[in-house]
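Below is one structure; the comments refer to it alone.
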Amino acid sequence: MRAEIDALDGEIVRLIAQRQRWVVEAGALKQDRGAVSAPDRVAKDLSELIQARSERLPGADRPGAVIQR
């Protein structure tokens with residue numbers, strides 16, 4: 001089970017790195033450097049991720065339930 005969790009962690013990191021590469025490329029294409037910064041969009045994206053987490057993850061409605069020692 002630990003190996004499976006570690007493999008998933010590795011995949012998550014790989015996907016986040018891939019996403020960041022696309023963000024950097026998209027930013028390089030924009031003429032207006034101010035257009036690259038989008039704090040409202042980032043806040044919206046984070047809010048949607050938090051909402052998705054609470055809907056999809058087992059135990060997400062109980063803080064600390066997933067991570068226990």
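Key figures
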read-out: The range 5-24 residues that are closer than 23 Å to R41 by Cβ, paired with ones that are in a helix (DSSP H, G or I) (beta carbon under 7 Å, 6 or more apart); value: none
read-out: From the options I5, I67, I12, I16, residue that is more than 16 Å from the chain's Cα centre (by Cα) and at pLDDT 85 or above; value: I5
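The values are calculated or read from the model by the stated rules, or taken from the named source; none is laboratory data. In this text, all values refer to a predicted model and were calculated from it rather than measured experimentally. Neighbour counts run over all protein chains shown; Cβ positions are idealised from the backbone, glycine included.
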